[in-house]
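See structure below.
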Amino acid sequence: MGAQARLFRVTANEQRRSLCSVCRGHRRLCGKTICPILAKAEALMRVEKSLSQEKIFGSSPPAVFVGSWNYPKVLAGPLVPPVSLEDTSIMDMPELWIDKSFSEILRYRFSLVRGKRFTDVRSAGNPSRILSTFQEIVMSSKPTDTEVWFNKKPKLSIVFSPREPPTGPSAFIKRAVLAENPQVPKPVDYVVADTDLKAEKGILRLYGSKINQRQITRLFSIGLLGAKRQRRLVPTEWSITAVDDILGRAIHKEILKYHWINKFMIFGHKALGNNVQILLFPSSWMFEAQEAWLISPNPIPGVNYELVHGRRSYAADLAGAYYAARLPVLEYLKQIRRQAGGLVLMEVYPEWIPLGVWRFREICREALRKQPIRFDTLEEALAVMENRLRLPLARWLERSEILRLLKSQTRLTKFLSV
């Protein structure tokens, strides 16, 4: 990975923002309606009988997890629930979770047993037998029956990632076999087999072939994309943001040739203790995302932005949330074949529990599926937007760079006769 590994690492600030605000997940002091730690314990109790031995048989969603600790020799392995008679795909499909409750999502995730094995990231191009099995799991488009043997009985561990949804009990894995042939889509088979194709081009080809972004991220993470000698395992947290960024940059290049939108438009959606409001305005491409955690009396939004040529440095303030919010806006503009400026305001409410950065991507997508509210002026749009936010609009505006630029620019169209 090299420079890319450093670029997409999870920052300390991002890690802290993803933990419970009062007790950091250790004691129920925050007053949340559901404590993720207790929910995890309850999920373990439900699957405890299935974990009484050092072996499980279940249907992987399909999913794997690659950790970042101890890089470049990381812990990697499949996520397998100890059930095989039901469709487990929902357990690793965040695009279907927006209307689910916290309890349902945590039940999905905490029922996944994580097998782990120390694996050198450079072994992806010439995998061992067990790593090859992990890779086969991810190539499948549907759940795959998998049998896993552990060194010891899986046990509960409390680990929350700022970008990846949580998982359940874990144990070191000594053997894994597939009990059925994985159902591999033709585009996946083609891209994985092309050992001369660079990883970025492979990601774009899969995306263009309508392969689910979640599967693309897993393929990238488990080291199945890229030229043979350059293939590497990529920690799941990093791969999520890397794929968001790669797809976003490709679409950004495309929309620069489109005409501007001609109205100010507002979209919004609330889900899972988060509120996302999106303002699109007539302009050449510029984008800003702000994130405010409403867990203190005087929250100050974090902010990152870019202008027409995109970002040349990492969005350190918002980290993964920035790239997760930018991609849906670019996807929408590509869909309507227009160029615009975009402002995304993201509120995180006290009832939020750690589920990963995916929620901003999916809430933005859900917002942009709705019909926008259209306005002729920025002032009209902001007046409506203010009523859709808990944090006073003035707090957002004083942090905004692109609105300051928008208000100060004198446009050529001002001097043209109507």
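The values are calculated or read from the model by the stated rules, or taken from the named source; none is laboratory data. Here the structure is a predicted model, which means the values were calculated and not measured. With ideal geometry, Cβ positions are generated from the backbone for all residues, glycine too; neighbour counts draw on all protein chains shown.
Restricted to the range 288-311, and to residues that are under 19 Å from the mean Cα position of the chain (by Cα) and polar (S, T, N, Q), which residue is farthest from residue 392 (Cα to Cα)?
My answer is 304.
Under 9 Å between Cβ atoms, which residue pairs at least 6 apart in sequence (or on different chains) link something in the range 191-213 that is outside any helix (DSSP H, G or I) with a partner that is surrounded by fewer than 18 Cβ atoms within 10 Å (Cβ to Cβ) and of a type in the set (Phe, Trp, Tyr)?
Close Cβ pairs satisfying both conditions: 209/190.
With respect to residue 347, determine if the residue is part of a strand (DSSP E or B) and crowded, with 16+ Cβ neighbours inside 10 Å. Show your work before the answer.
Details: part of a strand (DSSP E or B): yes; crowded, with 16+ Cβ neighbours inside 10 Å: yes.
When the stated conditions are applied, residue 347 passes them.
Specify the residue that is surrounded by the fewest Cβ atoms within 10 Å (Cβ to Cβ); the eligible residues are those in the range 289-313 that are of a type in the set (S, T, N, Q) and touching a helix residue (DSSP H, G or I) at 6+ places or on another chain (Cβ under 7 Å).
Out of the qualifying residues, it is 304.
For residue 276, indicate whether it is under 30 Å from residue 350 (Cβ atoms) and among the aliphatic types (A, V, I, L, M). Quick ask: steps written out before the conclusion?
On the way: under 30 Å from residue 350 (Cβ atoms): yes; among the aliphatic types (A, V, I, L, M): yes.
So residue 276 fits the description; yes.
When you go through (1) under 19 Å from the mean Cα position of the chain (by Cα); (2) within 19 Å of residue 215 (Cβ to Cβ); (3) surrounded by fewer than 21 Cβ atoms within 10 Å (Cβ to Cβ); (4) of a type outside the set (Phe, Trp, Tyr) one by one for residue 109, which number turns out not to apply?
Going through (1) under 19 Å from the mean Cα position of the chain (by Cα); (2) within 19 Å of residue 215 (Cβ to Cβ); (3) surrounded by fewer than 21 Cβ atoms within 10 Å (Cβ to Cβ); (4) of a type outside the set (Phe, Trp, Tyr) one by one, residue 109 breaks only (3).
Is there a residue being buried (at least 24 other Cβ atoms within 10 Å of the Cβ), assigned to a helix (DSSP H, G or I) and of a type in the set (A, V, I, L, M) anywhere in the range 314-322?
Checking the range 314-322: at least one residue is buried (at least 24 other Cβ atoms within 10 Å of the Cβ), assigned to a helix (DSSP H, G or I) and of a type in the set (A, V, I, L, M).
Restricting to the range 363-379, what's the tally of residues that are surrounded by fewer than 22 Cβ atoms within 10 Å (Cβ to Cβ), outside any strand (DSSP E or B) and touching a residue at least 24 places away in the same chain (Cβ under 8 Å)? Give the steps one after another, and end with the answer.
Let us first name the residues in the range 363-379 that are surrounded by fewer than 22 Cβ atoms within 10 Å (Cβ to Cβ), namely 365-366, 369-379.
Okay, now just the ones that are also outside any strand (DSSP E or B), so 365-366, 369-372, 376-379.
In the following step, the residues that additionally are touching a residue at least 24 places away in the same chain (Cβ under 8 Å) were identified as 365-366, 370, 372, 376-378.
Count: 7.
Can you tell me which residue among 52, 123, 18, 84 is among the hydroxyl-bearing types (Ser, Thr, Tyr), at pLDDT below 85, at negative phi and surrounded by fewer than 18 Cβ atoms within 10 Å (Cβ to Cβ)?
52
How many residues does the range 205-221 contain that are of a type in the set (Val, Ile, Thr) and within 19 Å of residue 356 (Cα to Cα)?
Number satisfying all stated conditions: 2.
Take the conditions touching a residue at least 40 places away in the same chain (Cβ under 8 Å) and farther than 17 Å from residue 359 by Cα and apply them to residue 342. Does it pass?
Yes: the conditions hold for residue 342.
Can you find a residue that is at pLDDT 90 or above and either assigned by TED's automatic domain parsing to the domain that holds residue 238 or surrounded by fewer than 16 Cβ atoms within 10 Å (Cβ to Cβ) (or both) anywhere in the range 150-163?
Within the range 150-163, one or more residues are at pLDDT 90 or above and either assigned by TED's automatic domain parsing to the domain that holds residue 238 or surrounded by fewer than 16 Cβ atoms within 10 Å (Cβ to Cβ) (or both).
Between 116, 152, which is in contact (Cβ under 8 Å) with a residue 12 or more places away in the chain, more than 30 Å from residue 227 (Cβ to Cβ) and out of contact with any His (no Cβ under 6 Å at 6 or more places or on another chain)?
152
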